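Values quoted throughout were computed directly from the atomic coordinates according to the rules given, and no laboratory measurement underlies them. A quick note: this is a predicted structure, and the numbers were derived from the prediction, not measured. Here the Cβ is made from the backbone with ideal geometry for all residues, glycine too, and neighbour counts use every protein chain on show.
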Amino acid sequence: MTSVAVVGTGAVGSMALWRLAGRGIPAVGFDAYAPGHDRGAAGGESRIFRTAYKEGPRYVPLLREARELWAELERSAGRRLLTPVGGITVGPREHPAVAAVLAAARAHDLPVEVLTGRRAAERAPEHPLREGEVMVADPDAGYLRPEPAVAAAAAAAEEAGARILRYTPVKEVRQDTTGVTVVTEDGGEHRFTHAVLAPGPWASRLLPDLPIAARTITSTWFPRRDETLFDPGRCPIAIRVGEPAYSCFPSMDGAGVKVNLHVPWRDLDSPEALERSAPPAYVRQVAAAVAATLPGLRPDPIRVATFADAFTPDGHGLLGTRGRTVIAAAFSGHGFKLAPVFGDIVADLVETGITTRDIDHLAPNRPLRRSP
């Protein structure tokens, strides 16, 4: 009989447990902490959901499925996890990222609009355009609540029969011809027919042969000058491309507006070494970006938080099989929105060894070079 160990119960791991348990497959999750902890990538109050995807049009069918699964999880949890306020991409008209968003929309007939002038100001007064810039509006976008979402997936998994071993770090996963053995740091050995590796920023530890880097992700929150702006029921999520580049969210708590500056993230020796503060140089950089492009905010942050994630050299995650192990790792800072469909794909791969979804671009055995 099939039995599965899921190593890591962050976004993808908790969703995998939920989808496996829903198919009646016995599954046990292992986590060094507990679902919803604050050392992985699934934190920070809000995450973007969008379908006009600058990372490539082949993600769009996966995003459409993910949206349906988010709705299913919401029904299970009895609360809203995805708020559809729409989204915008702002930047120079000829910028490659703007072109990529429009290409994804054309490839899948997505209802995006290119706005300028008065129409752009009416849609998102929080994000005024500079000379030569356009606004691409995606009505199917919105924001997700990551901490409640992970907790909801873990609860749904346990209600369906899965178990989660909290505060049980995994030291090693050994694979042989008949199954896998999960060795925990307390000396325990647990036997299963299959394993799923969804270790978040711990990926390089369990997959040392792959070119995976753990990095720090830093979020900053800025106070509003005008309380009518950045309202979470109306303000779209925003991605600015060009210089400066960042993502920006509505004010979730009524006090601050989250801005994630898009700069090369700092390498991290291990998630345990995650610093809880940001270097002053980074804070100055993001404050300058806010001062230059977000006049509705005061450019002195009121909150800074750090998280960690695992990255591949090409920025696309790893999802596929290696013998009796399914790798679901290193989603490079943009896997959260896709977590439910990734979890369902994991269940496919455990149950049958294949999936009908197009995930060739995520194959763990694709050519990947380590960063210099």
When every alpha-carbon pair in the chain is counted, what percent end up more than 34 Å apart?
-> 25 percent
Computed, not fitted: 222 nm per-residue ellipticity of the chain from DSSP H runs ≥ 4 (each -39500 (n - 2.57)), nearest 500, equal to -8000 deg cm²/dmol
When only DSSP loop residues count, what trypsin sites (Lys or Arg not before Pro) in the stretch 232-292 have their Cβ near at most 11 other Cβ atoms within 10 Å?
-> Arg276
Taking only the alpha-carbon atoms of the stretch 1-127, the convex hull volume per residue, in cubic angstrom, is 155 Å³
In the stretch 261-353, which chymotrypsin sites (Phe, Trp or Tyr not before Pro) are in a loop and have at most 12 other Cβ atoms within 10 Å, using DSSP for the loop call?
-> none
Karplus-derived 3J(HN,Hα), 6.51/-1.76/1.60, for each residue of the stretch 195-203, Hz, glycine and proline x | 10, 10, 9, 10, x, x, x, 8, 4
Distance in nm between label sites at Asp38 and Arg174, each 7 Å beyond Cα in the beta-carbon direction?
-> 3.8 nm
Contour minus Cα-Cα span, Arg357 to Glu185, at 0.36 nm per residue, comes to 58.4 nm
List the lysines whose alpha-carbon lies under 19 Å from that of Lys337, not counting same-chain residues fewer than 8 positions away?
-> Lys54, Lys258
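Suppose we flag GluC sites (Glu not before Pro) only when DSSP calls them loop and at most 13 other Cβ atoms lie within 10 Å. Which is the longest uninterrupted stretch of the chain?
Answer - 276-372.
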Which of Asp38, Asp253, Asp360 moves the most in a Gaussian network model of the chain with Cα springs under 10 Å?
-> Asp253
Return the single residue from Arg106, Arg80, Arg118 with maximal mean-square fluctuation; model: Gaussian network over the chain, springs between Cα atoms under 10 Å.
-> Arg118
Built amide H within the under 5 Å cut-off of Tyr33, gap 5+ = Tyr167, Thr168
